[in-house]
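The values are calculated or read from the model by the stated rules, or taken from the named source; none is laboratory data. Nothing here was measured: the structure is a model prediction, and the numbers come from that model. When we count neighbours, we look across all protein chains shown, and the Cβ atoms used for this are built from the backbone with ideal geometry, even at glycine. Note: accessible area is taken over every heavy atom of the protein model, side chains too, but ligands, DNA and RNA are not part of it. Shrake-Rupley method; radii C 1.70, N 1.55, O 1.52, S 1.80 Å.
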Amino acid sequence: MQLLKDKLNIDFMGKRKHALMVSAVLIVVSIVAMAARGLNLGIDFTGGTLVEVGYSDSVQLEPVRGALLANGLDDAIVQHFGTSRDVLIRLPVEESDRDKSSLSNKVIHALEPTGSPEVRRVEFVGPQVGGELRDKGGLAMLYALFGILVYVALRFEWRFSLGSVAALVHDVVLVVGFFALTQTEFDLTVLAALLAVIGYSLNDTIVVFDRIRENFRRIRKATSEGVINTSINQTLSRTLMTSITTLLVLIALFLFGGEVIHAFSIALIVGVLVGTYSSIYVASTSLLALDVSKEHLMPVESANRSDDGSQV
């Protein structure tokens with residue numbers, strides 16, 4: 001592995017302009033998708049009713065959807081919950097169906113042709129509560145980004161702080177834009193996945209930044225671009241191994257975890273891919289744009305000396 005690190009000499013920063021163009025296009029597409037199509041918010045944010053029913057035998061979802069549609073429940077979202085005998089039904093807020101007992105009776109009556117369903121749980125989320133969850137979730141992301149800005153500024157230097165936050169904003173915008181473009185349901189699990197993406201991407205960026213700081217102090221003759229290229233190549237194997245092993249777990253969750261966590265696993269898969277890319281190109285490129293150099297990272301007494309040790 002060490003031999004591979006020593007042999008790697010990929011000119012990442014030489015391709016940074018092309019990478020920035022790709023990022024700019026993706027960000028514009030994401031913003032346009034969010035503005036034009038918006039997010040397909042789940043009942044966690046919009047309010048609505050969740051009904052869990054159980055069957056004695058396995059049941060297909062299409063007959064369940066058809067039965068609900070025939071009884072006027074056009075906007076119902078139906079998915080398996082755990083096993084093929086458990087079905088989760090999500091219903092938007094309706095003026096006529098605010099009473100939980102009447103709604104559950106309506107659902108059971110609609111599902112009678114599909115077998116002998118048993119209502120196990122009925123939960124109602126009011127639109128006011130949903131709006132509050134949405135607002136607090138957005139604030140949680142902003143607080144996380146601000147805390148990261150302060151942490152990286154204290155640990156490294158303010159230029160590194162801006163670079164890391166730029167990469168995190170880039171990741172969040174692209175993941176949210178993906179959900180707006182595909183109209184995949186955006187609920188609390190996806191919001192939790194976004195916060196996890198922020199943590200994952202930051203961890204990846206910190207590893208690269210640590211090596212950049214070390215190499216700026218160790219490699220005195222190289223340019224800033226050369227130091228950053230060397231640092232990315234030295235940490236590339238670690239970055240790829242972490243991303244690949246994480247993706248294997250997330251793909252398994254997506255394939256075998258059931259419909260309930262599909263959106264969660266999709267958000268993390270997209271986030272890991274985007275986060276790996278941004279730690280190499282967005283965060284590191286931001287350092288070059290901010291003109292970081294070894295003088296910014298050397299102790300004051302060392303920065304005032306020439307490379308041969310004499311006082312400047």
Hey, what do the phi angles of the stretch 179-195 turn into as Karplus ³J(HN,Hα) couplings, whole Hz, using 6.51/-1.76/1.60 and θ = phi - 60°, x for Gly and Pro? 5, 5, 5, 8, 6, 5, 4, 10, 10, 5, 5, 5, 4, 4, 5, 4, 5
Counting only DSSP beta bridges with both partners in the chain, the antiparallel fraction in percent, to the nearest 5, comes to 90 percent
How much accessible surface area, in Å² rounded to 10, belongs to the heavy atoms of VAL25 with a 1.4 Å probe? 90 Å²
Taking 7 Å along the Cα-to-C-beta vector as the label spot, tell me the LEU181-ASP135 distance in nanometres, rounded to one decimal. 3.2 nm
Give the accessible area for LEU142 in Å² (nearest 10); use a 1.4 Å probe, count only protein heavy atoms, and leave out ligands, DNA and RNA. 110 Å²
Expected max-MSF residue from ILE219, ILE148, ILE206 in the GNM of the chain (alpha carbon, under 10 Å) is ILE219
In vacuo Debye sum over C-alpha of the chain, base-10 log of normalised intensity I(q)/I(0) at q = 0.06, 0.07, 0.16 Å⁻¹, listed in q order, is -0.30, -0.40, -1.25
Please list HIS80, HIS18 in order of solvent-accessible area, largest first, computed with a 1.4 Å probe with all protein chains present. HIS18, HIS80
Integer Hz, Karplus 6.51/-1.76/1.60 couplings in order for the stretch 142-148, x for Gly and Pro: 5, 4, 4, 5, 5, x, 5
For the stretch 202-215, take each phi angle, set θ = phi - 60°, evaluate the Karplus expression 6.51 cos²θ - 1.76 cosθ + 1.60, and give the result in whole Hz per residue in order, putting x for glycine and proline. 5, 4, 5, 5, 4, 4, 5, 4, 4, 5, 4, 4, 4, 6
Amide H to amide H, which residues 5 or more places from LEU41 or on other chains are under 5 Å from it, using H placed in the peptide plane? PHE186
Counting only backbone N atoms under 11 Å from a point 7 Å out along Cα-to-Cβ of GLU52, the residues of the stretch 189-211 in range are none
Could you state how much accessible area MET141 has, in square angstrom rounded to the nearest 10, with a 1.4 Å probe and all protein chains kept in place? 30 Å²
